[in-house]
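Read the structure below first, then the notes.
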Amino acid sequence: MKKIIIAHGWSGSPDEPMLKWIREQMQSLNCEVIAPFMPHPDIPTIEDWVSTLGESAGEIDENTFFVGHSVGCQTTIRFLETLPADKKVGGVLLIAPWFILTLENLDEGESPDVAKPWLETPIDFAKVSSHTNKISAILSDNDPYVPVSENKNILEEKLGAKTIIMHDKGHFTESDDVSSLLEAIDILKKMAE
């Protein structure tokens, strides 16, 4: 059985409409779906989020696929970075991923100080890439937080990611009127073939 692990974003939850919809779609395709509620979602920390993701994922192998949204993408990438050299996963889908953020656009209550460790703690991209050769990313051309071209370049150059830029999806949240994402299901199905 294929296993899908979903990591939500900053100030988010696994029950956000788009993530819940992805979970339900993948369950209808007979996948096991694990979507943990991350600790202190308003103040995400690398250590707590990565360890929670790892504990929730349990035993992983090439039938395990990860979906991240926003800081959940970094959580996923940083989790892969911690895996033993011989451990492989089936694939990774990143929705609204960022390594560079437009800090002045953060929502009320979201502090640049919280984002700082995520932006400044180095990632061993080669190590991350060694655990899967299937990384895809979906970005939006009007995301207020994620500068598209800079993040797209990092994803493609450092992780060999296949990137899709969608039109007018914002940060893929309920307030952006995004409650489903067919492209995500298509990508996951192809990865799992």
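For D124 and D42, a Förster radius of 22 Å and the Cβ-Cβ distance give a FRET efficiency of 0.20, rounded to the nearest 0.05. Inter-label distance, E174 to N153: 3.6 nm, where each label sits 7 Å from its Cα along the C-beta direction. The stretch between D15 and K162, if pulled fully straight at 0.36 nm per residue, gains 50.3 nm over its current Cα-Cα span.
Rounded, prolate or oblate, given the Cα gyration tensor of the chain, with a/c below 1.5 counting as rounded? Rounded, because the longest to shortest axis ratio a/c is under 1.5. If you find the alpha carbon centre of segment 71-107 and of segment 166-193, how far apart are they in angstrom? Centre-to-centre (Cα) distance: 16 Å. Given Cα pairs under 8 Å that are at least 6 residues apart, what percent is the relative contact order of segment 51-119? Reported as a whole number, the value is 34 percent. Would you mind classifying segment 148-193 by shape? Square roots of the alpha carbon gyration tensor eigenvalues, ordered a ≥ b ≥ c; an a/c under 1.5 is rounded, otherwise it is prolate if a/b is larger than b/c and oblate if not. Oblate is the answer for segment 148-193, as a/c is 1.5 or above yet b/c matches or exceeds a/b. For E156, what is the net charge nearby, where nearby means another residue's Cβ is under 13 Å from its Cβ and Lys, Arg count +1, Asp, Glu -1? Surrounding charge for E156 is +1.
Contact order, relative form, for the chain: 23 percent (alpha carbon pairs under 8 Å, 6 or more residues apart, mean separation divided by residue count). Please find the FRET efficiency linking N133 to M1, where r is the Cβ-Cβ separation and R0 is fixed at 22 Å, and quote it to the nearest 0.05. According to the calculation, E is roughly 0.50. The residues of the chain expose, per residue, 46 Å² of accessible area to a 1.4 Å probe.
The length gained by stretching the chain between N142 and L182 to full extension, at 0.36 nm per residue less their Cα-Cα distance, is 12.5 nm.
Only Lys, Arg, Asp and Glu carry charge here, each on its Cβ (+1 for the first two, -1 for the last two); on that basis the chain has a dipole of about 840 debye about its Cα centre. Atom-type composition of the exposed protein surface of the chain places 48 percent of the accessible area on carbon and sulfur (1.4 angstrom probe).
The values are calculated or read from the model by the stated rules, or taken from the named source; none is laboratory data. It should be emphasised that the depicted structure is a prediction, and the values quoted were computed from it without experimental measurement. Here Cβ is always computed from backbone atoms with ideal geometry, including for glycine, and neighbour counts include all displayed protein chains. Keep in mind that these areas ignore ligands, DNA and RNA; they rest on the heavy atoms of the full protein, side chains included. Shrake-Rupley method; radii C 1.70, N 1.55, O 1.52, S 1.80 Å.
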